[in-house]
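The values are calculated or read from the model by the stated rules, or taken from the named source; none is laboratory data. All values reported here derive from a predicted model rather than from experimental measurement. Neighbour counts are summed over all protein chains in view; Cβ atoms, including those assigned to glycine, are modelled from backbone coordinates with ideal geometry. All accessible areas refer to the heavy atoms of the entire protein, side chains included, with ligands and DNA or RNA removed. Shrake-Rupley method; radii C 1.70, N 1.55, O 1.52, S 1.80 Å.
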Amino acid sequence: AYKNAGTAFLVGEYDKAIEEYLAVAREYEDTSFRMRAVCRVGDVYYKQKKHERAVSYYQRSLKIPSELWWPDDVKESYARADYMIGVCYYDQKAMNQAFAHFRRFVKTYPDSAFVDRAYDFIGRGNMEMERYGQAIEAFRMVGTAKLEKETRRTISPGEDLYVRITDADVGLASKGTALVARLS
């Protein structure tokens, strides 16, 4: 049922996707699928640019308790739902709400893969508001997320990859000068 809802979402049948996700949430009330399904309803509304409704469903998903026997499996799902609330605020140009939310998010989920993205949004928002000093500070934090040592991070095609280069000579480079870095 959850996969059927996902397929409907991918092919643009948003009403059907919402209906299916909500059916999953009702039927599997005592499982992690409830939280994930409610969060995915938020994703459908976000895709439709109905940000207020999306925020409502992301907030609802965060109120669903995680399973006692499976708590680690859904931790990043909770982080993603909370992160998406900040993204919705950002897309609505409610920058102060977005910044406050992303800062709280970073404190709540310091090990999340979404922390770097949150700092990136704070930096971009400050650039739009021409608050360059704050933008620089936020951009400096990109790439500093502390992940567990056992966690191996992979980047899928289309995902952002953040790289921090620290070099004493970087101040010598002028604007528009290419900086060569080899990553493996």
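Structure data summary
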quantity	calculated
Residue satisfying condition, being in contact with a Lys or Arg (Cβ under 9 Å, 6 or more places away or on another chain), in a helix (DSSP H, G or I) and under 24 Å from H101 (Cβ atoms), within set G6, G86	G86
Within the stretch 121-141, tally of residues that are part of a helix (DSSP H, G or I) and open to solvent by 20 Å² or more (accessible area, probe 1.4 Å)	12
Tally of residues being of a type in the set (D, E, K, R) and surrounded by fewer than 16 Cβ atoms within 10 Å (Cβ to Cβ) across the stretch 19-49	7
Which numbered condition Y83 misses (of (1) farther than 23 Å from P110 by Cα; (2) modelled with pLDDT of 95 or more)	(1)
Counted residues, the stretch 9-18 - those being assigned to a helix (DSSP H, G or I) and loosely packed, with under 14 Cβ neighbours inside 10 Å	2
Among residues of the stretch 50-59, those that are in contact with a Cys (Cβ under 6 Å, 6 or more places away or on another chain) and surrounded by fewer than 23 Cβ atoms within 10 Å (Cβ to Cβ), counted	2
Residues of the stretch 38-53 satisfying the condition of being within 13 Å of R80 (Cα to Cα) and either small (G, A, S) or not in a helix (DSSP H, G or I) (or both)	G42
So Y89, is it out of contact with any strand residue (DSSP E or B) (no Cβ under 6 Å at 6 or more places or on another chain), under 30 Å from R131 (Cβ atoms) and open to solvent by less than 50 Å² (accessible area, probe 1.4 Å)	yes
Exclusive hit being within 29 Å of E137 (Cα to Cα) and in a loop (DSSP other than H, G, I, E, B), set P110, P65	P110
